[in-house]
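Data block below; observations after.
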Amino acid sequence: MKKNIFLSIAFLIGMLLAAQVLVAQPASDKTAQRLLHINGKGEVLRGGTKLGYISKEDIVFNNQNQKLGFIKGGRVYDAEGNSLGKAKKGGQYYNNNGVFVLEVSGNNEKCRILDARGHTIGYVHRNYKLHACAVHCFFKEQKIEEDLAAILAGYMNIENALVNDDYKAAQQNAQELSSTALNETSVKNTLEQLSGSADISDQRKHFAALSKELYTVFKDIDLQGNTLYWNNCHMAMNGEGANWLSMNEKISNPYMGQKMPGCGSVQETLNK
């Protein structure tokens, strides 16, 4: 988990955790050490290591003091203000479609957080039952880091398709990128719009939005030795300008395509 992120969410925690912990309640001591725990101070821990905290204003932060999400008026939002679902004081959490995601069992210093199938996925102090859904913020970062290679490859495939003015390939590659961990974030909406369009000008607008979202994501996570370049073309979008990410310093412009593939310049280098 690294710096300023993030991207958005609309995901099911059961799916997110299925590959990580398929443990029946109650969890063993060994398993419990691997689960997230929100203590009475609002600190989010795993195995005694602090990952972040929940402020008095119901904002979820990581250890770098970057906002991951927040709760307001009983609704849960990601860092960008995109609605994720609804949280109740008793610890129940429902996504935007009204589907039950998790609940809290018990009323002590270590209440169990249960997924929709009754598996223990974490613990929370009784004073923070409303915030049990905060574990989503941390699972989101972890899941994206685990799926980083596929996300980078999928994004670059879309970029290359637009460089080559190939709207069909851009559609297909956007659909494939949707099968990664990004499908559990609000980026999913942008990918659906991109893959659903057969107009390359429209696709490029959605790609600009996708690039901004992923730039925020990649600024906040471990890039695992990868170096990314944040590029800009001031002529893109009819002179409004647009940015994109690349893994090569050589400019290949996805907005100008084959007309002006070399237009643009590197604005920032990401290599955390």
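The values are calculated or read from the model by the stated rules, or taken from the named source; none is laboratory data. What you see is a predicted model, and the numbers here were worked out from it, not measured in a lab. Don't worry about glycine lacking a Cβ; one is built from the backbone with ideal geometry, like all the others, and counts go over all protein chains shown.
Yes/no per residue for (1) within 27 Å of Asn95 (Cα to Cα); (2) loosely packed, with under 15 Cβ neighbours inside 10 Å:
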| site | (1), (2) |
| --- | --- |
| Tyr167 | no, no |
| Asn183 | yes, no |
| Glu192 | yes, no |
| Asp199 | no, yes |
| Asn231 | no, no |
| Ser246 | no, no |
| Met256 | no, no |
| Lys259 | no, yes |
| Gly264 | no, no |
Meets criteria (at pLDDT 90 or above, out of contact with any Phe, Trp or Tyr (no Cβ under 8 Å at 6 or more places or on another chain) and not β-branched (Val, Ile, Thr)) for Arg126: yes
Residue hits (the stretch 33-69; under 18 Å from Leu102 (Cβ atoms) and β-branched (Val, Ile, Thr)) are Ile38, Val44, Ile54, Val60
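Scanning the stretch 215-229 for residues that are within 19 Å of Gly264 (Cα to Cα) and buried (at least 18 other Cβ atoms within 10 Å of the Cβ), which turns out modelled with the lowest pLDDT?
Tyr215
Just the residues that are in a strand (DSSP E or B) and among the hydrophobic types (A, V, I, L, M, F, W, C), please, taken from the stretch 101-123.
Once the filter is applied, which keeps residues that are in a strand (DSSP E or B) and among the hydrophobic types (A, V, I, L, M, F, W, C), the stretch 101-123 yields Val101, Leu102, Val104, Cys111, Ile113, Leu114, Ile121.
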Does at least one position in the stretch 140-150 carry a residue that is modelled with pLDDT of 85 or more, assigned to a helix (DSSP H, G or I) and surrounded by 18 or more Cβ atoms within 10 Å (Cβ to Cβ)? yes
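Determine, yes or no, whether Met237 is under 21 Å from Gln203 (Cα atoms), of a type in the set (A, V, I, L, M, F, W, C) and loosely packed, with under 15 Cβ neighbours inside 10 Å.
The answer is yes for Met237.
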Helices (runs of 4 or more DSSP H) contained entirely in the stretch 166-272, each with at least 2 residues that are in contact with a Ser or Thr (Cβ under 9 Å, 6 or more places away or on another chain): 167-177, 187-195, 200-220
Quick check on the stretch 209-221. Is at least one of its residues on the phi < 0 side of the Ramachandran plot and touching a Cys at 6+ places or on another chain (Cβ under 7 Å)? no
Which condition breaks for Gly98 when tested against (1) under 28 Å from Val187 (Cβ atoms); (2) touching a residue at least 40 places away in the same chain (Cβ under 8 Å)? (2)
Only one residue in Gly91, Gly81, Gly98 is crowded, with 19+ Cβ neighbours inside 10 Å, touching a strand residue (DSSP E or B) at 6+ places or on another chain (Cβ under 9 Å) and either part of a loop (DSSP other than H, G, I, E, B) or in the same structural domain as His119 (by TED's automatic domain parsing) (or both), so which one is that? Gly91
